[in-house]
Amino acid sequence: MTDLSFLDWPFFDDGHRAFAARVEAFAAAEVAGLADHHDVDGSCRQLVAALGKAGLLRAAVPASHGGLHERLDVRSLCIARETLARYNGLADFAFAMQGLGTGSITLAGSDELKDRYLPPVMRGEKIAAFALSEPEAGSDVAALATVAEADGPDHVRITGEKTWISNGGIADHYVVFARTGEAPGARGLSAFVVDADAAGFSVKERIDTVAPHPLATLAFDGVRVPVSARLGRPGEGFKVAMATLDIFRSTVGAAALGFARRALADTLEHTTSRQLFGAPLADLQLTQGALADMVADVDAAALLVYRAAWTKDMGAPRVTREAALAKMVATENAQKVVDRAVQLHGGHGVRVGCKMEELYRDVRALRIYEGATEIQKIVIARQAIADHAARRSSAAAAE
C-alpha cells in the first residue's frame, strides 16, 4: 500500500484530491490490461485512447478547449504523472506526451491551431509529440541546425533532423523547432506544428532503449508548412520551448516520484514479510537504515516537485530555478530509492519480469531527458549567482 498522505499538504485543494482519486481508480482498473512492453506502439495508442475516454487528458488542455482548468494546472499534471508512473512507466509516458506535445500550442498557438489540435488530443483520438532535440543539439537548444526557409509569403520549408523524439513514429503531429534566422543563436528560432502526413516528412530510425517506448529520429526534407502553423511570432521559438519546459520539467520529477513511491511501497511489503535468520528482514538495523533513507528521499523529492508546481500555478511567470531543483532532486533521489529497493529484494530485484527490475530500467532515463542533471545544476547555479548579485546590488543602493 502506498502512502498518499502527501495529498493533505497545503499545496493541494479538494479539486486536486478528487482528481487524484480519479487517476488512482483508472490506473488500478485499466493500466495492467493496456500496457504491454512487448508492443509499445500499440500499448501507447491504447493507453492514450483510454486516458481520453476516462477524461483524464482534460488536465493536458485549457478549459477553453474542454480542459479542467483555465490554464494548465501543473499540480494536476504532476499528480497524474506520479500516480500513473506508480503503476506503469508506459502509462505515465502516454499521458505526459499528450501534454508536452500540445503544451506549446496551448501557450503560443493561434485560436485556429488550438481548435484544430487540442480537442482530438484531449479525447485521445490523436497522438502528440514535441520535436526539439537534434543529433548535435540536445541540451544546447541554441545550436539547432534544422532550418525553416521562406517559400513564398505564406509558407516555409523545413529541412533537417530531429532525434530522441518521444512518440516518434506514432504521433499525428509534431511541434518542431527550427532556425528561421531573425538573429544569431537562440533568438533566431521559431516553432511550427507539422502533421505526420506532410510530404517530405519521414521516420528515419526507431530507437530502442532500456525502458522501451516509442522513440525515433525524424527527417524533414523540405517539408512545406504554412506560416499559420507557426507558434508565436518569428524568432520566438526558444521562448516557446522554454515556457513549455518550465511547465513540464516539474512533471518529470513527479514521474520519478511515482517510481520511487512504488519502489518504497513494494520494499516495505517485502522486508516486513520476508523472513531472514528467523525474523522479518525489516528487523535488521541495516534494512531500517536503508528504508529511512528511502523515506527521506521520497519526501524531499515530493516537497520540491509540488513546491515548483504550486509556485507556477500561483501565477509565477517563470519557475526555472524551482523546476530545475525539482527535476534534479526527484530524479536523482528516485534512482537511489530504486537502487536500494533492488538490493533489498535480492535476486528478485534483477529478475526480468519483476517490478523492481522494471523500475530500475524505467527510472534511469529520467535523469537525462528534458535536461540532464548536469544541465539542471548549471541552471540552478547560474540563477543562484544572479539572485545573489541582485541582492547585493539592492543592498548597496539602499545604503
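The values are calculated or read from the model by the stated rules, or taken from the named source; none is laboratory data. All values derive from a computational prediction rather than experimental measurement. Cβ placement follows ideal geometry from the backbone for every residue including glycine, while neighbour counts extend to all protein chains displayed.
Screening the candidates Arg261, Arg224, Arg274 for the property of being surrounded by 24 or more Cβ atoms within 10 Å (Cβ to Cβ), of a type in the set (D, E, K, R) and either under 26 Å from Glu358 (Cα atoms) or not assigned by the TED database to the domain that holds Ile375 (or both) yields one hit, Arg261. Would you confirm, using the coordinates I've provided, whether Arg157 is of a type in the set (Lys, Arg), surrounded by 15 or more Cβ atoms within 10 Å (Cβ to Cβ), farther than 30 Å from Arg367 by Cβ and touching a strand residue (DSSP E or B) at 6+ places or on another chain (Cβ under 6 Å)? Taking the combined requirement at face value, the residue satisfies it.
Among the residues making up segment 45-66, those that are assigned to a helix (DSSP H, G or I), more than 20 Å from Arg249 (Cβ to Cβ) and small (Gly, Ala, Ser) are Ala49, Ala50, Gly52, Ala63, Ser64. The criterion of at least 1 residues that are out of contact with any His (no Cβ under 6 Å at 6 or more places or on another chain) and among the acidic types (Asp, Glu) is met by the following strands (runs of 3 or more DSSP E) wholly inside segment 177-229: 201-206, 215-226.
Ala35 meets each of the listed conditions (1) surrounded by fewer than 24 Cβ atoms within 10 Å (Cβ to Cβ); (2) in contact with a strand residue (DSSP E or B) (Cβ under 7 Å, 6 or more places away or on another chain) apart from (2).
Would you be able to say whether some residue in segment 67-85 is assigned to a helix (DSSP H, G or I), surrounded by fewer than 19 Cβ atoms within 10 Å (Cβ to Cβ) and not hydroxyl-bearing (Ser, Thr, Tyr)? No, that holds for no residue. Can you find even one residue in segment 126-136 that is more than 15 Å from the chain's Cα centre (by Cα), under 30 Å from Tyr360 (Cβ atoms), at pLDDT 95 or above and surrounded by fewer than 21 Cβ atoms within 10 Å (Cβ to Cβ)? Scanning segment 126-136, I find no residue that is more than 15 Å from the chain's Cα centre (by Cα), under 30 Å from Tyr360 (Cβ atoms), at pLDDT 95 or above and surrounded by fewer than 21 Cβ atoms within 10 Å (Cβ to Cβ), so the answer is no.
Scan segment 137-171 for residues that are of a type in the set (D, E, K, R) and over 14 Å from Ala229 (Cβ atoms) and the total you get is 4. Kindly indicate whether any position in segment 292-302 is in contact (Cβ under 8 Å) with a residue 60 or more places away in the chain and within 17 Å of the chain's Cα centre (by Cα). Among the residues of segment 292-302, at least one is in contact (Cβ under 8 Å) with a residue 60 or more places away in the chain and within 17 Å of the chain's Cα centre (by Cα), which makes the answer yes. I'd like to check something: does segment 303-313 contain any residue that is surrounded by fewer than 23 Cβ atoms within 10 Å (Cβ to Cβ), among the hydroxyl-bearing types (Ser, Thr, Tyr), in the same structural domain as Leu268 (by the TED database) and not in a loop (DSSP other than H, G, I, E, B)? Scanning segment 303-313 turns up at least one residue that is surrounded by fewer than 23 Cβ atoms within 10 Å (Cβ to Cβ), among the hydroxyl-bearing types (Ser, Thr, Tyr), in the same structural domain as Leu268 (by the TED database) and not in a loop (DSSP other than H, G, I, E, B). Among the residues of segment 376-389, are any surrounded by fewer than 18 Cβ atoms within 10 Å (Cβ to Cβ), of a type in the set (Gly, Ala, Ser) and under 23 Å from the mean Cα position of the chain (by Cα)? Yes. Within segment 144-173, the set of residues being free of Cβ contacts under 8 Å to residues at least 40 places away in the same chain and hydrophobic (A, V, I, L, M, F, W, C) comprises Ala145, Val147, Ala150. Output the number of the condition that Lys327 fails; it satisfies all remaining conditions of (1) part of a helix (DSSP H, G or I); (2) surrounded by fewer than 20 Cβ atoms within 10 Å (Cβ to Cβ); (3) touching a Lys or Arg at 6+ places or on another chain (Cβ under 9 Å). Condition not satisfied by Lys327: (2).
Take the conditions buried (at least 22 other Cβ atoms within 10 Å of the Cβ), farther than 23 Å from Phe12 by Cβ and in contact (Cβ under 8 Å) with a residue 60 or more places away in the chain and apply them to Thr267. Does it pass? It is true that Thr267 is buried (at least 22 other Cβ atoms within 10 Å of the Cβ), farther than 23 Å from Phe12 by Cβ and in contact (Cβ under 8 Å) with a residue 60 or more places away in the chain. How do the pairs read when you match residues in segment 360-377 that are under 15 Å from Ala326 (Cβ atoms) with residues anywhere that are among the small types (Gly, Ala, Ser), using Cβ under 6 Å and keeping only pairs 6 or more apart or on different chains? Final answer for the pair search is Leu366/Ala256; Ile375/Ser139; Gln376/Ala324.
Might you check whether a residue that is surrounded by fewer than 19 Cβ atoms within 10 Å (Cβ to Cβ) and closer than 21 Å to Gly103 by Cα occurs anywhere in segment 207-219? No - not one qualifying residue is present in segment 207-219.
Only residues in segment 62-80 that are modelled with pLDDT of 95 or more and β-branched (Val, Ile, Thr) count as the first member; pair them with residues that are assigned to a loop (DSSP other than H, G, I, E, B) and surrounded by 19 or more Cβ atoms within 10 Å (Cβ to Cβ), Cβ under 9 angstrom, at least 6 apart or cross-chain, and list the lot. Pairs found: Val74/Val319; Ile79/Phe12. Are any of the residues in segment 118-131 assigned to a strand (DSSP E or B) and on the phi > 0 side of the Ramachandran plot? Within segment 118-131, none of the residues are assigned to a strand (DSSP E or B) and on the phi > 0 side of the Ramachandran plot.
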